[in-house]
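Shown next, in structure tokens, is the structure this report addresses.
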Amino acid sequence: MILNHIWGLYTAPKKEWQTIEKRHESLTYSMVHILTIALIPAICGYYAAAHIGWSIGAGDPIKLTESNALFMSVAMYFGLILGVFSLAILIQWMAKTFDSKPDFTQSLELAAYAATPLLMAGLTALFPVLWFVVLAGLAALCYSVYLLYSGVPIMMNIPEEKGFIYSSSVVTCGLVLIVALMAASAIVFNSGLGVEYVS
């Protein structure tokens, strides 16, 4: 099953990390996991933007045309996948500093499963009220950070004290990646691509 670790990461994260570390599924398995989970925010974001509309303040909901919403959703999908792969590359690159030698599959497993709560928070787009989405996103971000801190020592086979510093470095890089993704989205959105709103 593609999503068989998700329940364990929510109910008993340390135990589930140990299971993931023992099994070490193939690179394909990790890729299918991230390709599947990244569909959640893309599809929900498309539906919210094109059919429900975003409520910002007291005004009427703001909708996009279906073609604009589809373009933004596809761009978000590939941006999220690129972000997870970039985080995996950074995890593997930083490992040398902490006397760990993970292969790319281990690094991708760590990045993909740690990012899962953030991507699953995309379901909140089906209730597109800004304050609700922001609160859910912050809660998901906190849990992703917790998963990273609990998973690094286990997945990278290093002591917990080194794992804390390593995790902090990864979290910093991850936050930079999130900000870069948001900045790229804003640039694309404001680059004169002819975004059309529907009243």
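The values are calculated or read from the model by the stated rules, or taken from the named source; none is laboratory data. Just so it is clear, the model here is predicted, and its values are computed rather than measured. Heads up, the Cβs are rebuilt from the backbone with ideal geometry, glycines too, and the neighbour counts pull from every protein chain shown. These area figures cover heavy atoms from the full protein model, side chains too; ligands, DNA and RNA do not enter into them. Shrake-Rupley method; radii C 1.70, N 1.55, O 1.52, S 1.80 Å.
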Taking Ala112 as meeting all but one of (1) within 15 Å of Leu90 (Cα to Cα); (2) free of Cβ contacts under 8 Å to residues at least 40 places away in the same chain, write down the number of the exception. (2)
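Name the residues in region 1-54 that are outside any helix (DSSP H, G or I) and either more than 14 Å from Leu118 (Cα to Cα) or among the aromatic types (Phe, Trp, Tyr) (or both), would you?
Selection gives Met1, Ile2, Leu3, Asn4, His5, Ala12, His24, Glu25, Ser26, Gly53, Trp54.
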Testing Pro102 on (1) over 21 Å from Trp7 (Cα atoms); (2) within 17 Å of the chain's Cα centre (by Cα); (3) not charged (D, E, K, R), one condition comes back false. Which one is that? (2)
Identify, please: which residue in region 29-47 is hydroxyl-bearing (Ser, Thr, Tyr) and at pLDDT 90 or above and is, among those, most open to solvent (accessible area, probe 1.4 Å)? Tyr47
Among Ser26, Ser67, which is the only one that is hydroxyl-bearing (Ser, Thr, Tyr), open to solvent by 60 Å² or more (accessible area, probe 1.4 Å) and at pLDDT below 85? Ser26
Which of the residues that make up region 122-143 are crowded, with 22+ Cβ neighbours inside 10 Å and more than 24 Å from Asp60 (Cβ to Cβ)? none
Among the numbered criteria (1) over 19 Å from Leu148 (Cβ atoms); (2) touching a residue at least 24 places away in the same chain (Cβ under 8 Å), which one does Glu66 miss? (2)
I need a count of the residues in region 70-103 that are among the small types (Gly, Ala, Ser) and not in a helix (DSSP H, G or I). 1
